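Take a look at the structure below.
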Amino acid sequence: MNAFITTGPLPLEFRLLRYRPEPWELLDTLSIVKAMAYQLCYSWRSLLAQWHLSHILADRPQLARELLPPEWSASDPRILRYTGPASAQALLAADTALRLFAGWGGPHAGSNNWVVGPARSATGKPILCSDPHLFLTSPGVWYAAAIEAPDLSVMGVTIPGAPGVTIGRNRRIAWGMTNVMAHDADLFVERVSPEDPNKVLVGDRWESVTLYPENIGVKGKPPIPCDVRVTRHGPILTDAVGSGDGHVLAFRWTGQEATNEIEALLDVNHAGDYDAFAAALEIFGSPAQNMIYGDVDGNIGYVLAGKIPIRRNGRGETPVPGWLAPGPDDFEWTGFVPYHQQPKVLNPDEGFIATANHKTVTDDYPFYISSYWEPPFRIRRIHRRLAETQKHTIETLKSIQNDVHSIEAEDFLRDVIAPWAERLAQTEIRGPEGPPIRDALDTLRTWDFRCTTDSRAAAVYHALFERILREVFEPTLGEELWLLLFENWNEALMAAERVIRDPMSEWIAERRIDDLLLRSLSKALKALAKRLGPDPSGWTWGRLHTLTMPHPLGAHPLLGPALNLGPYPSQGTSFTVNNGQFF
């Protein structure tokens, strides 16, 4: 890398910025790993979205209870008031800006992996698939690579700047990974001394924070100095957006621990059997990953790798007081789940293993891992497809990776839309809206639930579903908050579906479900006509759902058309195996 920086022609981006990179150092490689860990840390964003929601619904507790986890109802309301809803909203906005600047895209993605054993493989050997759905950018995140050395022969994909292969195979084993969606970050409310802003309360005494001086470089101007305040729980986030009333938010995250993900993955690159694979991952810290495995001897396996916090009290699903003295009533992390007690699987009776960011443990598992799992639609479809074929080939497994059948749409149409359509068929829809509504319902009734680019039904369904969410939640939450909630809290959709399916829900009661659905479909059809034209035959999913791969300099009006890739018609949706977010 340094040889190329010194002797090679710099890429266009560097020439445009008139910037020559400094020599690459080991710290830069370590920073890439930590940046990737932060990119895949979703729990604190979900917590912030819930926190903001709790403020808005403070006077309507029943509405809050229908959306928020139970722990919010039991939380100390003073904690929620200390820094105010503006801090949560500002932090989410700041984090979104950081992700866009860094080329990480939006907050959501959905990865899949699976491995079939010899009994389910046409070759008599395991076949492993790993399908990491990180945000698509220009240039891309992943690079194909092969390494040949006297003690190593490995190939797969890697992240530029990181050594070895991240997902791939050597001559003995293959491995893949998906994000666990672990609850690996907490927010602690710290009480700041009125006499000294660099001291916070711990029990009955004031404790000094640690100050890390930083200089923020600004092109053409002197650097801007700033001090990062770090408490015993971690850096103070609200310093980036302002805070008030003598209270600030500190960020406790497993990524702040001294861990060695690079050594762990290099040891995986060298591993020759399941025991060596599992042993290598013991020192892997963050982000927690679902690691699947297959080897030439016919073994398949799974390891949950990464640090999972153990909390003395609660589950960290609300901001917690950081000023309590150490003891039985505090909310400190007391350690991490012992590695030998983290989930592991070797050669299951089913003959396959699959993960899709879903809940991977049963309710009787003795430790709390998360409540921020992705909804189960992708894993249900993967299990269905794996189980329906007795002997899989590479081609059958590729077809699963490209599967765009929406279990979410299948469930919602069956349970909510179809019964309403039957009731609606017994009534007369007056006016010019009647025929288009009947036609749209017929289109949905005959849909095969596949979100292909030429599917009209997929376009109608997703326009309808989004409009239903707007009709239910926007009047109370406002446009900005309801979008904030559903973009940053992956379980919000499941909570919303529970609300829509419950005739006794206070969110629905005043609107009546039949009237709500009719109004939603009418507005959805008008929105489609406005965006895609008045002819319904041209309403295809590929016209509504497009993919653009943004370049870091693509926001510039002159550079964007040359550097950004797309837009392209995109199949799939947020909850299909071939994952493509739409909201």
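All of the numbers you see were taken from the coordinates with simple rules; none came from a lab. Quantities reported herein were computed from a predicted structural model and do not represent experimental measurements. We place every Cβ from the backbone using ideal geometry, glycine too, and count neighbours over all the protein chains shown.
Note down the nm distance, to one decimal, between modelled labels 7 Å out along Cα→Cβ at T210 and at R60.
In this crude label model, T210 to R60 measures out at 4.4 nm.
For the stretch 243-371, rounded, prolate or oblate, judged on the Cα gyration tensor with a ≥ b ≥ c (square roots of eigenvalues), a/c < 1.5 rounded, else prolate if a/b > b/c? Provide the component values of the computation, followed by the final result.
Details: a/c = 2.80, a/b = 2.02, b/c = 1.39.
It is prolate, given that a/c is not under 1.5 and a/b is the larger ratio.
In which sequence would Y143, Y461 go, from the one with the fewest C-beta neighbours within 10 Å to the one with the most?
Y143, Y461
Tell me, in nm to one decimal, what length is gained between V230 and Y365 on full extension, where the rule is 0.36 nm per residue of separation less the Cα-Cα distance? Could the numbers behind the result be given before it?
Details: separation 135, 0.36 × 135 = 48.60 nm, distance 3.39 nm.
Gain on stretching V230 to Y365: 45.2 nm.
Run the simple label-point estimate for T452 and D275 please: 7 Å along Cα→C-beta, distance reported in nm.
5.0
Can you list residues from other chains, or at least 5 along the same chain, whose modelled amide H is less than 5 Å from the amide H of S121?
Distant-sequence amide H within range of S121: H392.
How do H551, H545 rank when sorted from fewest to most other Cβ atoms within 10 Å of their own Cβ?
H551, H545
Nearest 0.05, what FRET efficiency do K125 and E195 give at R0 = 56 Å with Cβ-Cβ as r? Walk me through the numbers before you get to the answer.
Details: r = 69 Å, r/R0 = 1.23.
Efficiency, rounded to the nearest 0.05: 0.20.
With a 10 Å Cβ neighbour count serving as the proxy for reagent exposure, in which order, fewest first, do C451, C226 appear?
Starting with the residue having the fewest Cβ neighbours, the order is C226, C451.
Which of the peptides 380-389, 124-133 is most tightly packed, and how do the rest follow, judged by the mean count of other Cβ atoms within 10 Å per residue?
With the highest mean Cβ count within 10 Å placed first, the list reads 124-133, 380-389.
Could you list the square roots of 5 times each eigenvalue of the Cα gyration tensor of the stretch 353-395, that is, the equivalent ellipsoid semi-axes, sorted largest first and rounded to whole Å?
Computed over the stretch 353-395, the values are 26, 11, 8 Å.
For the chain, just list the percent of Cα-Cα distances falling in each 10 Å bin from zero outward, please.
Going out from 0 Å in 10 Å bins, the chain shows 3, 15, 24, 26, 20, 10, 2, 0 percent.
Report the extension gain between N313 and D245 in nm, rounded to one decimal, defined as 0.36 nm multiplied by the number of residues separating them, less their alpha carbon distance.
Additional length available on full extension: 21.9 nm.
When we measure straight from the Cα of K125, which lysines land under 30 angstrom away, once same-chain ones fewer than 8 places off are left out?
Qualifying lysines at Cα under 30 Å: K344, K359, K391, K398.
Each residue of the stretch 10-26 in order: what ³J(HN,Hα) in whole Hz does its phi give by Karplus 6.51 cos²θ - 1.76 cosθ + 1.60, θ = phi - 60°, with x for Gly and Pro?
6, x, 3, 4, 5, 5, 5, 7, 6, 10, 10, x, 6, x, 5, 10, 4
Once you have a ≥ b ≥ c as the square roots of the Cα gyration tensor eigenvalues for the stretch 189-270, tell me rounded if a/c is under 1.5, and otherwise prolate or oblate according to whether a/b is larger than b/c.
Verdict is oblate for the stretch 189-270.
Projected onto the charge dipole of the chain (+1 at Lys/Arg Cβ, -1 at Asp/Glu Cβ, origin at the Cα centre), which of N179, N260, L10 gives the Cα projection farthest towards the positive end?
Going by the charge dipole, the pick is L10.
From largest to smallest, what semi-axes in whole angstrom does the stretch 1-77 give when each is the square root of 5 times an eigenvalue of its alpha carbon gyration tensor?
Over the Cα atoms of the stretch 1-77, the ellipsoid semi-axes are 49, 14, 8 Å.
Sort 307-320, 469-482, 41-54 by packing, meaning the average of other beta carbons within 10 Å per residue, with the highest value first.
41-54, 307-320, 469-482
Please report, to one decimal in angstroms, the Kirkwood hydrodynamic radius of the stretch 354-439 built from all distinct Cα-Cα pairs.
Numbers: mean 1/r = 0.0599 Å⁻¹.
16.7 Å is the Kirkwood radius here.
What per residue convex hull volume, in Å³, do the alpha-carbon atoms of the stretch 123-221 yield?
Looking at the stretch 123-221, the number lands at 281 Å³ per residue.
Nearest 500 deg cm²/dmol is fine: what mean residue ellipticity at 222 nm does the chain get from its DSSP H runs of n ≥ 4 alone, each adding -39,500 (n - 2.57), divided by its residue count?
Computed mean residue ellipticity for the chain: -11000 deg cm²/dmol.
Beyond 17 Å, what percent of the Cα pairs of the stretch 451-583 remain?
66
Label E13 and A144 with points 7 Å out from Cα along Cα→Cβ: what is the distance between them in nm?
Label-label distance for E13 and A144, simple model: 2.2 nm.
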